[in-house]
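Below is one structure, written out as structure tokens, with a few remarks after it.
The values are calculated or read from the model by the stated rules, or taken from the named source; none is laboratory data. Quick caveat: nothing in here was measured; it's all calculated off a predicted structure. Here the Cβ positions follow ideal geometry from the backbone for every residue, glycine too, while neighbour counts run over all protein chains shown.
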Amino acid sequence: MSFYKKPYHTKCNMKVHGRRKLEDLDYQSLVHKLDKEVGFYIKKTFEVMPGVSRCYTCKTLHDTKEIQWGHFISRRYYAVRWDLRNSRPQCRGCNGPRSGEPMKFRQYLVEDIGEECVKDLESIAMMNGERNMPRETIIEQIKTYKGLNRKFKE
């Protein structure tokens, strides 16, 4: 009996120890990766000082590690899921049990980006419904946000 381990993963015929290319990932893995990149970008962009963020809806200060990536329009609407106009940092209380505080969120969003932009987001979500984004678009956005996030990681 040999103790030799195969250097390849049997399901996808890829090296176990190497990083997988974005093009080789399944759709849900791409979505997860983009969520991670955009979430990190939102949290870092809205920091009030290094390591401290303010909840968009209740305005309380929190450690950035504890803050969540909140959405005005639900994440299930892929057309606006990663749209920066639709995303802001929220505390666990506002984003979880209080379901994102949609009325407050909308009010503050109108103050920040204007009524017209908020209506534009709402119409994009309604026109596109819950349709998935093309793989190529997701891969392109992952690369874009990885580049943007490098400045925060340095």
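When each of Arg20, Arg75 is tested for being within 18 Å of the chain's Cα centre (by Cα) and modelled with pLDDT under 95, the lone residue that passes is Arg75. Counting only helices (runs of 4 or more DSSP H) that fall entirely inside the range 74-154 and contain at least 1 residues that are in contact with a helix residue (DSSP H, G or I) (Cβ under 9 Å, 6 or more places away or on another chain), basic (Lys, Arg) and surrounded by 15 or more Cβ atoms within 10 Å (Cβ to Cβ), the qualifying elements are 78-81, 102-113, 135-153. State yes or no: is Ser2 more than 23 Å from Met133 (Cα to Cα), at pLDDT 95 or above and among the hydroxyl-bearing types (Ser, Thr, Tyr)? Criteria not met by Ser2.
Just checking, does the range 91-100 include any residue being of a type in the set (S, T, N, Q) and modelled with pLDDT of 95 or more? The answer is no, given that none of the residues of the range 91-100 is of a type in the set (S, T, N, Q) and modelled with pLDDT of 95 or more.
So for the range 109-123 (the condition being farther than 26 Å from Arg54 by Cβ and among the small types (Gly, Ala, Ser)), does at least one residue qualify? Quick ask: steps written out before the conclusion?
Taking the range 109-123 as the starting set, the residues that turn out to be farther than 26 Å from Arg54 by Cβ are 123.
Filter again for among the small types (Gly, Ala, Ser), leaving 123.
Yes.
The residues of the range 78-121 that are more than 16 Å from the chain's Cα centre (by Cα) and β-branched (Val, Ile, Thr), listed by number, are Val110, Ile113, Val118. Of the strands (runs of 3 or more DSSP E) lying entirely inside the range 16-69, those carrying at least 1 residues that are in contact with a His (Cβ under 7 Å, 6 or more places away or on another chain), without any contact (Cβ under 8 Å) to a residue 40 or more places away in the chain and not β-branched (Val, Ile, Thr) are 52-54. If the condition is being closer than 14 Å to Ser74 by Cα and basic (Lys, Arg), then the range 108-144 contributes only Arg131.
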